[in-house]
Each structure stands twice: as structure tokens, then as C-alpha cells.
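I have placed the structure first, in the form of C-alpha cells, so that the comments after it can refer back to it.
Quick note: the coordinates plus some simple rules give every number you see, no bench work behind them. Remember, predicted model here, so these are calculated numbers, not experimental data. Quick reminder, even Gly has a Cβ in these numbers, built from the backbone with ideal geometry, and neighbours come from all protein chains shown.
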Amino acid sequence: MTYLMKYLFFIFILVLGFTACNGISEKANDEQIEDVDGLDRNTDPELAQLDALNKRIRKDSLNGDPYRDRAEFYLDKEEYTRALEDIRKSIIIDSTYSAYYVTLGEIFLGMGKLKNCVQSLDRALKLDPNSKEAYLKLAEISIVLDDNKKAIEYIDKVMQIDELEPKAYFMRGIVLLKVGDTIHGIRNFQKAIDVDQDFFDAHLQLGLLYLDKKNKLAIDYFNNALNIDPGNADVTYYLGMYYQEIGNYEKAIQIYQAIIDNNPDYFIAMYNIGFVNLVYLKDYAKAIEYFNKTIEFNPEYTDAFYNRGFAYELTGNVENSKQDYQQALRLSPNYEKAIEGLNRIDELK
């Protein structure tokens, strides 16, 4: 999932700052070339990929590309310090190659260092005024900062360079959604898929839009995304949410349970099974069971405490109910439903 897609689902803070792009010691990079010859490539493909990157660097240590490729590997794993070390090595080897500065900007963006990111992308464009990647990253930053006009300007520049760039259509779709033009936003996401049928983020975004409308097209787009990235727990969760929203609770629980079987710590799926049993199936014992599991993995999940307390209340277990409502209030002092629950219990006395 791209940084932009993460932004669409989570709130983050962009930190301004500046870090010099020199002073890398050869020793630091040499130490990073870890010996992983003993790894099991069949069971750990990520280590196998890292092993291959390390071997490329050993064979061609004066070429900046292998370092850049390993930087992108670490960036994908959110290991920003290692990624930064590698891309700086690439730049020392060749400070005139635009793509290295784009990768540097992506790393700074992941670290939340916006000023560094923009400086790096500006440098990339000075070296290559037709760098689509730099303009796309600047458009992404503008979207995050709610500067929709600037974002469109950068997207238009990309279109002038390559009118069939799927990421440009995707980002234009995001901007259109932000300004309330859902119809044209959907058309741009669909155009992105027309250009690149394996555009995961576009399939996911369309799935979410149709989920919100309870439209069965959500199933198709989520399944398309899963064909591109099989086993993606988040997409599978959204598919379960679709069935929950349309009232097919058996199917929703089946999907949530499949997520848990493959991802034992995916507590949101546990919570949803509890919620479906509590609200729709009225199976309070089962609801309590899954809220217990949820709390075991996330002991600060306020809603899980409240809903377990509500399930206890409905079964007549007033003492446990009261304890859960109190815990919900300790976690969220203004949690109105927990206050109402305690008031109901007090009225029973």
C-alpha cells in the first residue's frame, strides 16, 4: 500500500527538518551488507530478496543502482535509517542521477520530514525536468496538505509527459473525491485500471467506495485486489465488512475467522465477530468470547470493553458489566455510552 493510501486511512503528522546528504562512511555501508547465506529461501522470500541485493552490491559496489534498490527494499519495510544510508551511498556514487533524489524524497516522506522531501524532489526536477516520479510525489504531498489546486497542477504536468500514467489518474481521482466529485473520482480510478489492470490501490479505493454504498461491485473490486495481492488481510477485512453491512452475517463471520486463522493477532476481525454476535445474532456468550480475545491483543480498545460490558449487562452479569464500563471510561473519560451504561446499572439498585 502506498504512502498516499495509508494517508487516506490514518492520520499522520508531517515533521519539518533538514538532514545533510553527505558524510556517509564506507564502513557503515559495508556493515549493512549482511551475510544471509544460511537463510531458507523457500520459507523466507524477503530474506532471499535481501540476500540477492547484498550480492549485487558486493559484485558492483561502484554502481549506485544496487544501493538504491536495497534502499527501496528497506523503505518498503519502513526501515528508514537503513534506507537513508543506502540512498545516500547511491548519491555519493552519482550525484547527477535524478531518480536517486526521488527515492531520497520518498524516504524523507516516510519519515515525516516534509522539508527534506520537497528539497530532494526539487533537486530531482533540476536534474531531470521530465521526471514523472518527482511530480507524482509532489502531487501526493499536495494532496496530504489539502492543496488540491497544486496537486492538480503537478498531475497535469505528469499527463503532459505521459498521458497514460495510471498513478496520475488515481491521484486525480483522490483529489476529486476530496472536493466532493465522487462520480468523476470513480471514473478516474477506473481509467487508472484501464491503463494498468494490476493497479492495486485503484481496485481497493473503488472497493471502499462501493462498500460505502453497499453496492455489490465492492465484491468485484476487493476480489480483484486480492488477486493482485493474495492474502492481504486488510482487503479481506473490507470484504467481510461488505457482507456485514448488507446483513449476510454468516458470510462476514466466515471471512473474519479466515483472517484470524491466517493472522492470529488481527484483533479488529475478532472485534467484528464479537460485534456481529452482540448486535445482530444476539449470541451474547459468543460475543463475550470474541471481545475477550480482542482485549487480549489490544487491552486499550475502548469499544471492546464497552461492548463486552454491554453483553454482560444483557446476560444479567451486572458486576462484570460495571467493571467493563468503568475500564472504558478510564481509557476514554468522555465515553458517553459507558456513562449511560453505569447509569442504567445504578438505576437497578
Measure nothing fancy, just the Cα-based angle from helix 336-348's long axis to the longest principal axis of the chain, in degrees from 0 to 90, nearest 10. 20
Could you give the angle, 0 to 90 degrees to the nearest 10, between helix 64-76's Cα long axis and the longest principal axis of the Cα atoms of the chain? 10
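Could you state the orientation-averaged shadow area of the convex hull built on the Cα atoms of the range 265-349, in nm² to one decimal? Numbers along the way, then the final one.
On the way: hull surface 19.7 nm².
Averaged projected area of the range 265-349's Cα convex hull equals 4.9 nm².
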Between Lys113 and residues 5 or more places away or on another chain, which pairs have amide H atoms under 5 Å apart, with H built 1.01 Å from N, and which residues are they? Val15
All lysines inside 17 Å of Lys115 as judged from Cα atoms, apart from same-chain residues fewer than 8 positions distant: Lys126, Lys137, Lys150
Run the simple label-point estimate for Lys213 and Leu62 please: 7 Å along Cα→C-beta, distance reported in nm. 5.9
Cα convex hull of the range 82-221 - mean projected area over all directions, nm²: 9.1
Based on alpha-carbon centroids, what's the gap between the range 295-321 and the range 127-168 in Å, whole number please? 48
Note, ³J(HN,Hα) from phi for the range 111-120, Karplus 6.51, -1.76, 1.60, rounded to Hz, x at Gly and Pro: 7, x, 9, 5, 4, 4, 4, 4, 4, 5
Contact order normalised by residue count of the chain, Cα under 8 Å, 6+ apart, percent: 7
Could you put Phe275, Phe297 in order, starting from the residue whose Cβ has the fewest other Cβ atoms within 10 Å? Phe297, Phe275
Can you give the local net charge around Met270? Use residues other than it whose beta-carbon is closer than 13 angstrom to its beta-carbon, Lys and Arg +1, Asp and Glu -1. -2
Counted neighbours (other Cβ, 10 Å), sorted fewest up, put Val195, Val179, Val235, Val279 in the order Val179, Val279, Val195, Val235
Add -39500 (n - 2.57) for each DSSP H run of 4 or more in the chain, then divide by its residues: what number comes out at 222 nm, to the nearest 500 deg cm²/dmol? -23500 deg cm²/dmol
If I take every Cα pair under 8 Å that is 6 or more residues apart in the range 249-349, average their sequence separation and divide by the length, what percent do I get for the relative contact order? 18
Using square roots of five times the C-alpha gyration tensor eigenvalues, list the equivalent-ellipsoid semi-axes of the chain in whole Å, biggest first. 44, 25, 21
When we measure straight from the Cα of Lys55, which lysines land under 19 angstrom away, once same-chain ones fewer than 8 places off are left out? Lys27, Lys89
Can you sort Met159, Met270, Met241 from fewest to most other Cβ atoms within 10 Å of each residue's own Cβ? Met159, Met241, Met270
Nearest-0.05 FRET efficiency for Glu245 and Ser332, computed from C-beta distance (R0 30 Å): 0.75
Compute the long axis of helix 166-178 from its Cα atoms, compare it with the longest principal axis of the Cα atoms of the chain, and write down the angle in degrees, 0 to 90, nearest 10. 40
Could you tell me the largest-minus-smallest coordinate of the C-alpha atoms of the range 192-349 on each of the three principal axes, in descending order and whole angstroms? 65, 28, 26
So how far apart, in nm, are the two label points at Gln257 and Met159 if each is 7 Å from Cα heading toward Cβ? 4.9
Run the simple label-point estimate for Asp229 and Asp346 please: 7 Å along Cα→C-beta, distance reported in nm. 4.7
